[in-house]
Amino acid sequence: MTVSRRKFLKGSAAALALGMVGSPACALAAAGQEESVDRWVKGVCRYCGTGCGVLVGVRGDRAVAVKGDPDNHNAGLLCLKGAMLIPVIYAEDRITEPMIRRGGKGSPLDKASWDEALDFAAGAFRKAMDAGGPDAVAYYGSGQALTEESYLANKIWKAGFRTNNVDGNPRLCMASAVAGYLTTFGKDEPMGTYNDMDAATCFFIIGSNTSEAHPVLFRRIAQRKESSPDVKIIVADPRRTNTSRIADLHLSFVAGTDLALLNGMAHVIIREELDNPRFYSRYVNFVTNDGKPCAFEDYKAFLAEYTPEKVQEITGVPAADVIRAAKLFAESSSALSLWCMGINQRTRGVWANNLIHNLHLLTGQIGRPGASPLSLTGQPNACGGVRDTGSLAHLLPAGRMVANEKHRAEMEEFWGVPKGTIQPKMGHHTVALFEAMAKGDVKAVFIHCTNPAHTLPDLNALTKGLETAFVAQTECFMDAETLKYADVVFPAAFWCETEGVYGCTERRYALTEQAIKPMGNCRPTVRILMDFAEKAGVDPRLFPYKNAADIWEEWRTLSKGSPYDFYGMTRARLKKESGIKWPCPTEDHPGTNLRYVRGEDPLVPVNHPDRLFFYGRPDGKANIFLRPYQPPFEPADKDYPFILTTGRVIDHWHTATMTGKVPELQKAYPSAFVEINPVDAQKLGISNGDRVVLETRRDRMTFPARITDTCMPGLVFCPFFDKNKLVNRLFHHAVDNASKEPEYKICATRVYKQA
Amino acid sequence: MAIAGFLVHAEAGQSERLEAELAEIPGISTFGVHRECYIAAVAEAPGNSMEDLLHRVHGMDGVLTVYVTSMTVEDELVV
Ligand code: SF4
């Protein structure tokens, strides 16, 4: 690169940075950056559920730069992961040819032609169905798949193969949030948006390390805090993460006791008369834990035992802090709750979600700018791609349920298949699916865009099925752990090599346009799915699409008139705009910020007598549930005296098959470690860097120690990104009764220095 | 050589000091403090050490976090 060109690029980079803070010097930006590439192509970051808008700079036939999209919600900012996406496209171990295991499991993966690979997979699926019927096959999808891919796979499996064995990794991250919204409000997906972060005066962040898992949202929260000294932030997390650095109050509770904390806050709110009877008498039903209607007085009596002192006993949070948190929340002019996997990945994850909603409904902190419960998603398209299209074992598109006869009939009519095509029985949820594979009930699975051999809990038990079932897999990178089990591998076009829609946390759908050609012999996944299905015997009239845009057109039409109405989001409009938030029923509708609110949500009649209308519930009222505290499935005990938890680090995303390709990101976190509190370390004679054994009832593993007060005494943390240290081997696979989401966040462990 | 534009989000009252410290780091140029808490900067480094550089910034006292606004790697990809 010549010096002048480097200077030029540096000038452009500076101008863009300045542009983000509104400096006049940003005038340079447009001219500078526009000239450094041939064209900029709009898209969405490939990584987390924040869903930042990006612009991909293309020069010739290569992507060479990424910048934040100033017109999307992230206002042009990205975290390091998003900014470093280009090297991932050109990673040396991209899979660019189909591969099959000609000699069966354990033999090497050999290159194959597309026809050979598709025939191989289709033959195995036909054989599986001949032996075990439709339920002998399954699809295991992803919150990273494009919406068009998930919609198509759901249709092929449920209406083509006639099995509801369609599930995916959102079961492992968002299922409890879905069930929480459904039980409280009657419909999935949040009512608020990121805009609420600019209006909230109290943030209640629980079970979320926003600063590392959703860095760009953290900026918005921190900026709000700086804008006014009156803005208060409560962070409830057993770990003292970077997120708690901006908190006014950090509630460090014993992992797994947060249900008591949430009920304790409700107790204080009522005791201090900070509740809002005018609100809940109009908009809320009270419901017992077993689903029976009850009265406010019953709720009050139920909460009586959750005194701050009792909550202190259970959670370890000082009673005064429980009171302070409740007051900050209820007395603020607008309280916004944010939560993520700490709440969802739990055997009582749905209850925990309900209890957060309770706080909002009890105080009326809902349906106003800045006042809302807003669950954060982990993946870029768990919401739009999987939840909304109904690509889970119990769902059908747009909020319909497999178990509901009317819903099945509606889908059969829309999809043009005979009545009775869709089976009434729910398919296997994720844990059950992998168990069914181990038993031989499910004999062939198509895995798309996810890496279950790394991410499932209790890996030793749940990967058994992958050793015996036929595994067809779409994958981009050679180091994905699941490839070890794959019988056939389809090389999928990666990210901006194809086009499709992502829907992030805030009901925002945004299009990633194709910027460059797929590498090597890669193909778009929608093409792979259609070719495979046809060879496997599915009537091709079920998928008469030329491309992803045709699939979007069908899905958009299906949403019309539903509670998920986004009919107004034409492909042309998505190309022009940087994301639109549904409901958006018409092409001239700007999208919706405040769902369920008259005058804001187009699905609430303009002449509705009430300002709020929870139209997912038969009587338009939301539910406050009387959910008691229950301990986690496997609390610490005398034999296994520590609690082990897991999560992300800022520079890696999920299983690091992408971030691990960027030497810079990999170098920052080359391998997993265990965080131990200094008090525990001293007792156990452990120093920084020592080899430490974690031994649970499932397995035993060794990690280097990091002594830090991030973890409270009694708690240890291991990140899960490292394929050489699959920490999920240590966790059990107990699931939430309702959502079937596993409890990754808590298991009992022994901790000792390696001899 | 990779080039990144970024903003450093500084804790209250720390931005002037941080800007001076950043300007001392080889490979980093700063472009002023904005809205009291944001320092605009550009980092220039070989692709495989860019992360180190940005991490070093991230770990400095008084830095709340770092937001990247652009990353160009064109000369490492296009010969
Ligand atoms: S915050 Fe998430 S979506 Fe935004 S750039 Fe970072 S990884 Fe991508």
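The values are calculated or read from the model by the stated rules, or taken from the named source; none is laboratory data. Please read all numbers here as calculations on a predicted model, not as lab measurements. All Cβ positions, glycine included, derive from the backbone under ideal geometry; neighbour counts span all protein chains shown. Heads up: the accessible areas ignore ligands, DNA and RNA and are worked out on the full protein's heavy atoms, side chains in. Shrake-Rupley method; radii C 1.70, N 1.55, O 1.52, S 1.80 Å.
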Which of the residues that make up the stretch A:67-109 are surrounded by 24 or more Cβ atoms within 10 Å (Cβ to Cβ) and small (Gly, Ala, Ser)?
A:GLY68, A:GLY76, A:GLY82, A:ALA83
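Can you say whether A:ASP601 is surrounded by fewer than 17 Cβ atoms within 10 Å (Cβ to Cβ) and in contact with a Lys or Arg (Cβ under 8 Å, 6 or more places away or on another chain), as far as the supplied structure shows?
no
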Can you confirm whether A:VAL322 is assigned to a helix (DSSP H, G or I), open to solvent by less than 40 Å² (accessible area, probe 1.4 Å) and touching a residue at least 60 places away in the same chain (Cβ under 8 Å)?
yes
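Any idea which of B:ALA41, B:ALA20 is at the interface with chain A (Cβ under 7 Å from one of its Cβ atoms) and free of Cβ contacts under 8 Å to residues at least 60 places away in the same chain? Outline the logic, then answer.
Working: B:ALA20 fails: at the interface with chain A (Cβ under 7 Å from one of its Cβ atoms).
None of the other options fit; the residue is B:ALA41.
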Anything in the stretch A:36-53 that is within 14 Å of the ligand (Cβ to nearest atom), of a type in the set (Val, Ile, Thr) and assigned to a loop (DSSP other than H, G, I, E, B)? List them, or say none.
A:THR50
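Would you mind stating whether A:GLY19 is at pLDDT 70 or above, more than 7 Å from chain B (Cβ to nearest Cβ) and away from the ligand (no atom under 13 Å from the Cβ)? Write out each step before concluding.
Details: at pLDDT 70 or above: no; more than 7 Å from chain B (Cβ to nearest Cβ): yes; away from the ligand (no atom under 13 Å from the Cβ): yes.
Criteria not met by A:GLY19.
This table checks each residue for (1) surrounded by fewer than 19 Cβ atoms within 10 Å (Cβ to Cβ); (2) outside the structural domain of A:TYR151 (by TED's automatic domain parsing); (3) among the hydroxyl-bearing types (Ser, Thr, Tyr); (4) over 13 Å from A:ALA492 (Cβ atoms).
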{"site": "A:THR525", "(1), (2), (3), (4)": "no, no, yes, no"}
{"site": "A:GLY537", "(1), (2), (3), (4)": "yes, no, no, yes"}
{"site": "A:ARG541", "(1), (2), (3), (4)": "yes, no, no, yes"}
{"site": "A:TYR545", "(1), (2), (3), (4)": "yes, no, yes, yes"}
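Yes or no, residue by residue, for (1) under 20 Å from A:LYS81 (Cα atoms); (2) basic (Lys, Arg); (3) modelled with pLDDT of 95 or more:
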site	(1), (2), (3)
A:ALA213	yes, no, no
A:LEU217	yes, no, no
A:ALA222	yes, no, no
A:LYS225	no, yes, no
A:PRO229	no, no, no
A:ILE234	no, no, yes
A:ASN242	yes, no, no
A:LEU249	no, no, yes
A:ALA255	no, no, no
So which residues in the stretch A:365-395 are in a loop (DSSP other than H, G, I, E, B), out of contact with any strand residue (DSSP E or B) (no Cβ under 8 Å at 6 or more places or on another chain) and either open to solvent by less than 10 Å² (accessible area, probe 1.4 Å) or without any contact (Cβ under 8 Å) to a residue 12 or more places away in the chain (or both)?
A:THR377, A:GLY378, A:GLN379, A:THR389
Consider only pairs whose beta carbons are under 6 Å apart and that are at least six residues apart or on different chains; among these, list those whose first residue lies in the stretch A:78-91 and is within 14 Å of B:THR72 (Cβ to Cβ) and not assigned by TED's automatic domain parsing to the domain that holds A:GLY68 and whose second residue is aromatic (Phe, Trp, Tyr) and more than 7 Å from the ligand (Cβ to nearest atom).
none
Residues satisfying the stated conditions in the stretch A:173-196, i.e. open to solvent by 10 Å² or more (accessible area, probe 1.4 Å) and in contact with a Phe, Trp or Tyr (Cβ under 8 Å, 6 or more places away or on another chain):
A:THR183, A:GLY186, A:LYS187
Those residues of the stretch A:284-319 which are surrounded by 15 or more Cβ atoms within 10 Å (Cβ to Cβ) and of a type in the set (S, T, N, Q) amount to A:ASN285, A:THR307, A:GLN312, A:THR315
Evaluate the stretch A:196-204: report whether one residue or more is within 16 Å of the ligand (Cβ to nearest atom) and within 20 Å of A:GLN365 (Cα to Cα).
yes
Taking the stretch A:220-239 and keeping residues open to solvent by 30 Å² or more (accessible area, probe 1.4 Å) and within 15 Å of the ligand (Cβ to nearest atom) leaves A:GLN223
If you check A:TYR151 against the conditions, is it away from chain B (no Cβ under 13 Å), away from the ligand (no atom under 15 Å from the Cβ) and part of a strand (DSSP E or B)?
no
Output for the stretch A:236-274, where each listed residue is within 14 Å of chain B (Cβ to nearest Cβ) and within 26 Å of A:VAL716 (Cβ to Cβ):
A:THR241, A:ASN242, A:THR243, A:SER244, A:ARG245, A:ILE246, A:ALA247
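State which residue is farthest from A:GLU554 (Cα to Cα) when the search covers only the stretch A:411-423 and only residues that are in a helix (DSSP H, G or I) and open to solvent by 60 Å² or more (accessible area, probe 1.4 Å). It would help to see each step written out before you state the result.
Within the stretch A:411-423, the subset in a helix (DSSP H, G or I) is A:411-415.
From the residues that got through so far, the ones that are open to solvent by 60 Å² or more (accessible area, probe 1.4 Å) too are A:413-414.
Details: A:GLU413: 13, A:PHE414: 10 Å.
Within the stretch A:411-423, the match that is farthest from A:GLU554 (Cα to Cα) is A:GLU413.
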Can you confirm whether A:THR430 is among the polar types (S, T, N, Q) and at pLDDT below 95?
no
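Return yes or no: is A:LEU217 more than 16 Å from the ligand (Cβ to nearest atom), assigned to a helix (DSSP H, G or I) and open to solvent by less than 10 Å² (accessible area, probe 1.4 Å)?
Details: more than 16 Å from the ligand (Cβ to nearest atom): no; assigned to a helix (DSSP H, G or I): yes; open to solvent by less than 10 Å² (accessible area, probe 1.4 Å): yes.
No, not satisfied.
Going by the conditions given, is A:VAL501 within 16 Å of the ligand (Cβ to nearest atom), closer than 30 Å to A:ILE86 by Cβ and either within 14 Å of another protein chain (Cβ to nearest Cβ) or not acidic (Asp, Glu) (or both)?
Here the answer is yes, as A:VAL501 does meet what is asked.
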List the residue pairs whose Cβ atoms are under 9 Å apart, where the first residue sits in the stretch A:209-228 and is aromatic (Phe, Trp, Tyr), the second is more than 13 Å from the ligand (Cβ to nearest atom), and the two are 6 or more positions apart or on different chains.
A:PHE218/A:ASN242; A:PHE218/A:THR243; A:PHE218/A:ILE246; A:PHE218/B:LEU64
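Looking at the stretch A:565-583, is at least one residue among the small types (Gly, Ala, Ser), surrounded by 18 or more Cβ atoms within 10 Å (Cβ to Cβ) and farther than 30 Å from A:GLU413 by Cα?
Scanning the stretch A:565-583 turns up at least one residue that is among the small types (Gly, Ala, Ser), surrounded by 18 or more Cβ atoms within 10 Å (Cβ to Cβ) and farther than 30 Å from A:GLU413 by Cα.
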Residue that is within 24 Å of A:LEU9 (Cβ to Cβ) and among the acidic types (Asp, Glu), where the choices are B:GLU24, B:GLU16
B:GLU24
Could you run through the stretch B:44-67 and say how many residues are at pLDDT 85 or above and closer than 23 Å to A:VAL58 by Cβ?
1
Among (1) buried (at least 17 other Cβ atoms within 10 Å of the Cβ); (2) within 7 Å of another protein chain (Cβ to nearest Cβ), the one test that B:SER15 misses:
(2)
